[in-house]
Structures are given as C-alpha cells and as structure tokens.
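*Asks:* There's a structure below that I have some questions on.
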Amino acid sequence: MLRRTLALLVTNVALGAALVAGITATPAAAQTLPPSAFATTLTYDDSYAAEFKDEVAAAVQIWNSAVSNVQIVKAQPGQRANIRILADNGWPRATLGPVRSYGSVTVWMGRTAVNQGYNVVRIATHELGHSLGLPDRRTGLCSDLMSGSSAPVSCANAQPSSAERAAVERNYSGWYGTKVDSKPVVITDAAGK
C-alpha cells in the first residue's frame, strides 16, 4: 500500500509540475510509471509449508507473471505475512480473499490430494487463487485453474485462464483503503464437493 501511495504522490507531483510549467497534462503523463508501481504487494510465509515450499514458490511466480495489479513476495523474518501457507494431512483449502495488504488469509497444502496424485504446483496456484478472490468453478476442465479437483487427477495445468487473470486484476484495481470486516470463508477443495 505504501508503494501505491508513493506512486500516486509521484504522479500527482509530476502532473502538478506540468501544469505549473504550462504543459497540458494528459492521462498519458500518468502512464510513464510502470504498472507494477501501482500494484498491491502481498507477503507470504511458508515457514510451515514443510515439503511444499518449492511448489508454493513456483505458484507465487506463476501469479506474479500472470497479473500486474497484485504481486506476492516472501515475507522477511519478523515481517507480518498476508498469506500463511501451512502443510497438513487434510484436503487443500484456503481462506477466500481477495486479501488486502492490511489483512491475512491462510492456505492449507493438504497432503490428501497430493497422495491421490494431484499436481502439487497446480494445487498451490489454485489455493493462492482463492486468496486472491477466486472461488471454485467446478467446470471439470483442466484449462480452468479454479476447476480444482473436478479436473482429472492427471491435470498438471497450473496457469490461470485469461478469465481468471482478469478477475484477479479487477479484484486489485482501484483504491482499497477501506477495511471491511467480515467472517472469513474457508474453501475446501475435496474431490466431489
């Protein structure tokens, strides 16, 4: 949020200076900053992810490459994490977001799905998708990341579809300075549910 505030401040100062100098300010002037300057930055903590740390890092990279309005970075020691990653023996599940820079959610990397043969990077990317505000869409299609366990066990696609990318971009566009308190919803991705 600090990065977004600073980027907006820099843009406003540049536009103000242009007006004082007699230059006509256009929306193109605001586009001189890279899109990542306006991105929401979320942190994640994988200290309890056990054997899934590498797959979680791969899933984070997939989302960071797929969208520009939000970026996920590993929390530094002592830094508060927005997304906590935990390994357990249940089904994969996650708190439904979109999580904001002032909030926190949890992703559980459940070993049950892994033991049944589901792709671990797909699981991690799917669960992070929930944290970014995407609900399950049980289409059964491997091309839909959020189809989860309704897709065949053999599905290894860990890339969000264009519609899924666009939904996350919408979730993180605009100004989100108002905190909304609500009861968290945890989505369990058990097969057949």
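Throughout, read-outs are computed from the coordinates displayed, never taken from laboratory work. Since the model is a prediction, treat every value here as computed from it, not as a measurement. In this analysis, Cβ positions are derived from the backbone assuming ideal geometry, glycine residues included, and neighbour counts consider all displayed protein chains.
*Asks:* Along segment 43-60, what does the Karplus equation 6.51 cos²θ - 1.76 cosθ + 1.60 (θ = phi - 60°) give for ³J(HN,Hα), rounded to whole Hz, x for Gly and Pro?
*Replies:* Karplus-based 3J(HN,Hα) across segment 43-60 equals 10, 10, 10, 10, 5, 10, 7, 6, 6, 9, 4, 5, 5, 5, 4, 5, 5, 4 Hz.
*Asks:* Can you compute the radius of gyration and Dmax for segment 27-175, using only the Cα atoms, both in Å?
*Replies:* Over segment 27-175's Cα set, Rg and Dmax evaluate to 15.2, 53 Å.
*Asks:* Please give the peptides 145-154, 132-141 ranked by average Cβ packing (other Cβ atoms within 10 Å per residue), highest first, as a rough proxy for protection.
*Replies:* Packing proxy ranking, top to bottom: 145-154, 132-141.
*Asks:* Right, something else. Place the peptides 93-101, 59-67 in order of packing, highest mean first, counting for every residue the other Cβ atoms within 10 Å and averaging per peptide.
*Replies:* 93-101, 59-67
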